[in-house]
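The values are calculated or read from the model by the stated rules, or taken from the named source; none is laboratory data. It should be emphasised that the depicted structure is a prediction, and the values quoted were computed from it without experimental measurement. Note that each Cβ is placed from the backbone with ideal geometry, even for glycine, and that neighbours are counted across all protein chains shown. Quick note on the areas: whole protein, heavy atoms, side chains included, nothing else; ligands and nucleic acids left out. Shrake-Rupley method; radii C 1.70, N 1.55, O 1.52, S 1.80 Å.
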Amino acid sequence: MTPILNVNGIEVIYNHVILVLKGVSLQVPEGAIVALLGGNGAGKTTTLRAVSNLLKGERGEVTKGSIELRGERIENLTPADLVQRGVVQVMEGRHCFAHLTIEENLLTGAYTRSSKGEIAANLEKVYAYFPRLKQRRESQAAYTSGGEQQMCAIGRALMASPSLVLLDEPSMGLAPQIVEEVFEIVKDLNTREKVTFLLAEQNTNMALKYAGYGYIMESGRIVMDGPASELATNEDVKEFYLGVG
Ligand code: ATP
């Protein structure tokens, strides 16, 4: 079956000179949670930005390879076109609008949806998955916790009725219990709403617990990939990425 996302040998260069991705290939099957793992600076964010065509603002460009969504080339689509086609990125660092309330933040995610009924239904769905956001709907994002802001960022992505969510480091800066809470919701969204996730994470342990398949990146290359259960028990992965020897 054609994967929802097929990244084929992409190279990315920043500022015309710095080669950051050196031929990255990965596949995300429809309905999967796929983890993109690796340390700081390995190239995870760059890979996600290449898919959602958000490199331009960073003075980056894809100079080789191809990216296909359900078999169709998408390198020339704008980020807005991609949202229309169901590809939404949740940026690292959450990026909620600090001065807007949680509900206003969520509504900004619905800009590609014109039907009021669909927007209202999506909002109710987000609140059903994130009851904490419902409780804090009137609060300014600036005064909510890091966990609530991460949930708000994911919730905002869901407002666009996505089929593929590119989720960048959802665990960053969050307490372990909150990380678990966020991942549980990701799993639920995957199982019940059939949302596919490509998840960039430094928290290898947690990501492999929830993903079905994983890719490990180092210095702009994929150095290993396999089913999450195999990666989690692989001796090299344990030594280098799980912090246990
Ligand atoms: P992190 O978890 O720290 O975000 P990452 O695996 O997501 O790491 P990237 O952010 O993709 O890694 O960075 C990959 C490499 O590209 C790093 O060496 C980084 O310094 C470099 N890089 C990232 N953004 C730019 C940019 N706008 N201009 C130049 N180099 C960049």
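Within the stretch 211-220, identify whether any single residue is β-branched (Val, Ile, Thr), open to solvent by 10 Å² or more (accessible area, probe 1.4 Å) and on the phi < 0 side of the Ramachandran plot, and answer yes or no. No; the residues of the stretch 211-220 include none that is β-branched (Val, Ile, Thr), open to solvent by 10 Å² or more (accessible area, probe 1.4 Å) and on the phi < 0 side of the Ramachandran plot. On inspection, SER139 fails the criterion of being open to solvent by 10 Å² or more (accessible area, probe 1.4 Å), within 13 Å of LEU107 (Cα to Cα) and either in contact (Cβ under 8 Å) with a residue 60 or more places away in the chain or out of contact with any Gly (no Cβ under 8 Å at 6 or more places or on another chain) (or both). Collect the residues in the stretch 35-84 that are touching a strand residue (DSSP E or B) at 6+ places or on another chain (Cβ under 8 Å), basic (Lys, Arg) and more than 23 Å from ALA211 (Cβ to Cβ), keeping them in residue-number order. ARG59, LYS64, ARG73 - these are the residues of the stretch 35-84 that are touching a strand residue (DSSP E or B) at 6+ places or on another chain (Cβ under 8 Å), basic (Lys, Arg) and more than 23 Å from ALA211 (Cβ to Cβ).
Report those strands (runs of 3 or more DSSP E) wholly inside the stretch 10-81 carrying at least 3 residues which are open to solvent by 40 Å² or more (accessible area, probe 1.4 Å) and under 18 Å from ASP225 (Cα atoms). Step through it out loud before you land on a result.
Values: elements: 18-28, 33-37, 60-69.
The qualifying strands (runs of 3 or more DSSP E) are 18-28.
Residue count for the stretch 122-149, restricted to those that are within 23 Å of the chain's Cα centre (by Cα) and assigned to a helix (DSSP H, G or I): 18. Could you tell me whether the stretch 113-131 includes any residue that is within 16 Å of the ligand (Cβ to nearest atom) and either open to solvent by 40 Å² or more (accessible area, probe 1.4 Å) or under 30 Å from VAL237 (Cβ atoms) (or both)? No, the stretch 113-131 contains no residue that is within 16 Å of the ligand (Cβ to nearest atom) and either open to solvent by 40 Å² or more (accessible area, probe 1.4 Å) or under 30 Å from VAL237 (Cβ atoms) (or both).
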